[in-house]
1. Given 0.36 nm per residue, what is the gain on full extension from residue 205 to residue 152 after removing their alpha carbon distance, in nm?
2. Give me the percent of DSSP beta bridges within the stretch 43-235 that run antiparallel, rounded to the nearest 5.
3. Report the FRET efficiency, 1/(1 + (r/R0)^6), for residue 103 and residue 180, where r is their Cβ-Cβ distance and R0 is 30 Å, rounded to 0.05.
């Protein structure tokens, strides 16, 4: 009976050893899979960050000289701010007609070809999902901030302004001389947007919505050119890899 009991114990010990080895292999396999997924994730986000950095550097090097009088501000979010709409559009006291000032037309004739060269660069062909021309207004007095009627009026006005900028850019040689394929690409991701005073800026160029500081009217009345990269595609790709 004793010999039988020892044999049973040895068999049980062997089984435990085998189970431990199997568990060890499973653990190692899982760790390798996790590392592989982490490496894929790092590669995806590294590529995304690299693209944003490259576009920012291209914008900065292109517009840092020759545009000083316009006080262009290039932000890390790949937006180009051109502030003070009074310097961009003719003042219309009794109508909402939008007329570009001659100086602003001159600016666009110099800005447009350089900007289009950047966004149409083949290396960014699958990196950009949208180019926004945004019109922003300010408010006449604090009470206007809470008037729905006034806000709606400003949305229409800011949309007209961004439309006018887009219309003028598309009338320039820098656009009309493009190939049909490049025009097709631009029509796919180039948009004009009227945002009224919803994203007004304070004196530090931060959104008033977050800072709760006073609105800087000149900075808030602006036109922005904003490059939107395919960040959502990057996130979707990461989730697809994660689920595999």
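1. 16.7 nm
2. Values: 17 of 22 bridges.
Here the share of antiparallel DSSP bridges comes out near 75 percent.
3. 0.40
Computed from the coordinates by the stated procedures, all read-outs in this text should not be read as laboratory data. Everything quoted here is computed from the prediction, not taken from an experiment. FYI the Cβ positions are ideal-geometry reconstructions off the backbone, even for glycines, and counts take in every protein chain you see.
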